[in-house]
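The values are calculated or read from the model by the stated rules, or taken from the named source; none is laboratory data. None of these values were measured; they are calculated from a predicted model. No Cβ is skipped: glycine too gets one built from the backbone with ideal geometry, and neighbour counts run over all protein chains shown.
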Amino acid sequence: MMTNSLDLGDEEFDPIDLQVEIESAFGLRLSDEEASSVRTMGDLHTLLMNHIGPAEGETCLTTMAFLRLRRALAPIAPNIRLRPSTPLSEIPAKSPRALFNSIHLENGLRLPALGMGTLTGISGILFMSLFALVPILALLKVSWLAIGGVIFGVIALMWPLQRLDPLRFPSGCETLGDLSRAIAAHNAGALAREGARLDSETVWQSLVQIVAQYALTPKPDIGRQTTILRAASA
């Protein structure tokens with residue numbers, strides 16, 4: 001069993017997912033040797049800075065992300081003065097899913113993952129129920145053809161539930177400013193190529209923003225000495 005100081009979760013957590021997310025956000029590729037050498041958040045930050053090099057851009061990363069976001073939202077909210085303090089709930093969209101789809105279609109920005117909604121939760125409960133229902137039906141000597149029909153029916157019901165789920169805004173994203181910071185982190189490399197500044201502090205804040213979506217540890221508690229993965233003591 002693995003534990004970790006970032007509280008990255010259960011046994012199903014795959015560090016490769018985090019590595020891929022970081023590589024995509026900063027537009028770079030980490031070798032297996034580099035990735036295996038990382039022990040702390042400070043190690044990871046230093047490794048990223050070695051790849052990124054000296055800051056060359058002039059524009060604040062979050063400011064550029066907000067300007068791109070505001071431009072994407074202008075057709076959706078023409079009568080709203082969009083400011084960093086504007087609550088996402090005031091944007092006239094059918095759902096968080098619909099709003100994020102519109103933003104992505106407008107300018108192709110990578111967005112943070114939306115939170116699971118009620119319908120997706122019900123879908124998960126239905127799927128888990130199969131693990132109890134199938135053995136019961138087998139003990140009752142129900143034909144395997146009928147059991148197969150039940151499995152197919154549950155899966156067929158799960159799909160529209162997941163597609164119809166409006167989902168929820170990411171944790172910590174309540175305003176356009178919050179969303180801008182998350183977007184800046186997930187598009188740091190692309191925005192830097194457009195003139196945004198990637199200095200050491202900006203890279204650190206972006207890195208914490210990305211890692212926080214996987215970690216249960218609060219963002220204020222994540223520091224340079226925070227261990228990413230730590231083998232549990234025997």
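Output yes when any residue across region 209-219 is more than 20 Å from E23 (Cβ to Cβ), in a helix (DSSP H, G or I), outside the structural domain of S85 (by TED's automatic domain parsing) and of a type outside the set (V, I, T), and no when none is. Within region 209-219, one or more residues are more than 20 Å from E23 (Cβ to Cβ), in a helix (DSSP H, G or I), outside the structural domain of S85 (by TED's automatic domain parsing) and of a type outside the set (V, I, T). Across region 152-178, the qualifying residues are those that are closer than 22 Å to A74 by Cβ and part of a helix (DSSP H, G or I), and the one among them that is nearest to the chain's Cα centre (by Cα) is D178.
Exactly one residue out of M158, M128 is of a type in the set (A, V, I, L, M, F, W, C), over 28 Å from A25 (Cα atoms) and surrounded by 11 or more Cβ atoms within 10 Å (Cβ to Cβ): that is M158. Restricting L114, L69, L88, L73 to residues that are at pLDDT 90 or above, closer than 25 Å to A188 by Cβ and touching a Pro at 6+ places or on another chain (Cβ under 7 Å) narrows the list to L114.
Checked against the criterion of being of a type in the set (S, T, N, Q), surrounded by fewer than 19 Cβ atoms within 10 Å (Cβ to Cβ) and more than 22 Å from I52 (Cα to Cα), region 167-185 has at least one qualifying residue.
Scanning region 128-151 for residues that are outside any helix (DSSP H, G or I) and of a type outside the set (D, E, K, R) yields L140, V142, S143. Residues that are within 30 Å of Q209 (Cα to Cα) and either among the small types (G, A, S) or touching a residue at least 40 places away in the same chain (Cβ under 8 Å) (or both) occur in region 123-131; there is at least one. Every test in (1) acidic (D, E); (2) under 22 Å from the mean Cα position of the chain (by Cα); (3) within 26 Å of G177 (Cβ to Cβ) is passed by E90 save one, and that test is (2).
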